[in-house]
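Below: one structure, written as structure tokens.
The values are calculated or read from the model by the stated rules, or taken from the named source; none is laboratory data. The model shown is predicted, which means the values in this text are computed figures rather than measured ones. Ideal geometry is used to build each Cβ from the backbone, glycine not excepted, and the neighbour counts take in all protein chains shown.
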Amino acid sequence: MIFRETGLKDARLIDLTTRGDERGFFARLFCENEFGSAGLETDFVQINTSLSAKAGTLRGMHYQLMPSAEVKVVRCIRGALWDCIVDLRPHSPTFGKWFGATLSAENRTMLYVPRGFAHGFITLTDDVEALYLVSAFYAPEQERGLRWDDPFFAIEWPCQPVEISAKDGSWPSFDPDYHGVEGFRSLAGAPALSNGASVHGAPA
Ligand SMILES: Cc1cn([C@H]2C[C@H](O)[C@@H](COP(=O)(O)OP(=O)(O)O[C@H]3O[C@@H](C)C(=O)[C@@H](O)[C@H]3O)O2)c(=O)[nH]c1=O
């Protein structure tokens, strides 16, 4: 596996290392040793999947409060989506910034979403299937969401949403209390960006 910096502290893009032969290829999607050596979470408790029928379907921006905050590893296994994360850890040097990348069945790239990040995506094709590992059980009472169009974060989505759930259409504007960012205070330490990559969004 190849772990790439995203410009947001602790978040990674993960590319597969494929071993090809006359049949096709073999690759690991998850390896406890490789994730552990890269300093990433290795304890996952659910593998989720979703199907979005229409291009332009937006799901997000979701996360759970402490102690149910979860790491996610997201892959697109059918079609293509634009995956987006926002760093909500107030001590992080990239607090309030967003990062987005296209994940597709073709590129097989995965996005590693650390604890204390909101996550969402918009589909770029019809019939998109996402598959993702999560490190904490679903806890609806701990669930929070950012508005996809919150001006505080100013995410530059690649297209306008045409389909969104009632829940995702009604998240409140960013409010540090409601959105529980104090609970993420212990999640990020000091080091600055290691690769100088550009990141987006509003600082606190
Ligand atoms: C996330 C989840 C939902 N559900 C239920 C709740 C509801 O009845 C139905 C659909 O839930 P949602 O509308 O929240 O599904 P969805 O909008 O696809 O939620 C997902 O969005 C992406 C962006 C994420 O990051 C995921 O963590 C997750 O929050 O499935 C579970 O039973 N277990 C779960 O783990």
Legend entry - Total residues in region 64-81, condition in a strand (DSSP E or B) and surrounded by fewer than 20 Cβ atoms within 10 Å (Cβ to Cβ): 3
Legend entry - Enumeration of residues in region 116-154 that are assigned to a loop (DSSP other than H, G, I, E, B), of a type outside the set (S, T, N, Q), surrounded by fewer than 23 Cβ atoms within 10 Å (Cβ to Cβ) and within 14 Å of the ligand (Cβ to nearest atom): ALA136, PHE137, TYR138, ALA139, ARG147, TRP148
Inset, instruction - Only one of these is more than 15 Å from TYR63 (Cα to Cα) and at pLDDT below 95: PRO191, PRO158, PRO93, PRO151. Name it. - result: PRO191
Inset, instruction - Check off (1) over 15 Å from ALA188 (Cβ atoms); (2) assigned to a loop (DSSP other than H, G, I, E, B); (3) small (Gly, Ala, Ser) for ALA101 and give me the number that stays unchecked. - result: (2)
Legend entry - Condition check for ILE2: among the β-branched types (Val, Ile, Thr), away from the ligand (no atom under 16 Å from the Cβ) and touching a residue at least 12 places away in the same chain (Cβ under 8 Å): yes
Inset, instruction - Please specify each residue of region 86-102 satisfying the condition of being surrounded by 24 or more Cβ atoms within 10 Å (Cβ to Cβ) and under 14 Å from ARG4 (Cβ atoms). - result: PHE99
Legend entry - Positions within region 16-33 being touching a Phe, Trp or Tyr at 6+ places or on another chain (Cβ under 8 Å) and surrounded by 15 or more Cβ atoms within 10 Å (Cβ to Cβ), in sequence order: PHE30
Legend entry - Selection count, region 41-59, where residues are assigned to a loop (DSSP other than H, G, I, E, B) and either touching a Phe, Trp or Tyr at 6+ places or on another chain (Cβ under 6 Å) or among the charged types (D, E, K, R) (or both): 5
Inset, instruction - Those residues that are more than 18 Å from ASP83 (Cα to Cα), in contact with a strand residue (DSSP E or B) (Cβ under 9 Å, 6 or more places away or on another chain) and part of a loop (DSSP other than H, G, I, E, B), I need them from region 9-38; list them, please. - result: THR17, THR18, ALA27, PHE30, ALA38
Legend entry - Residue tally, condition out of contact with any His (no Cβ under 9 Å at 6 or more places or on another chain) and within 21 Å of LYS9 (Cβ to Cβ), over region 83-120: 18
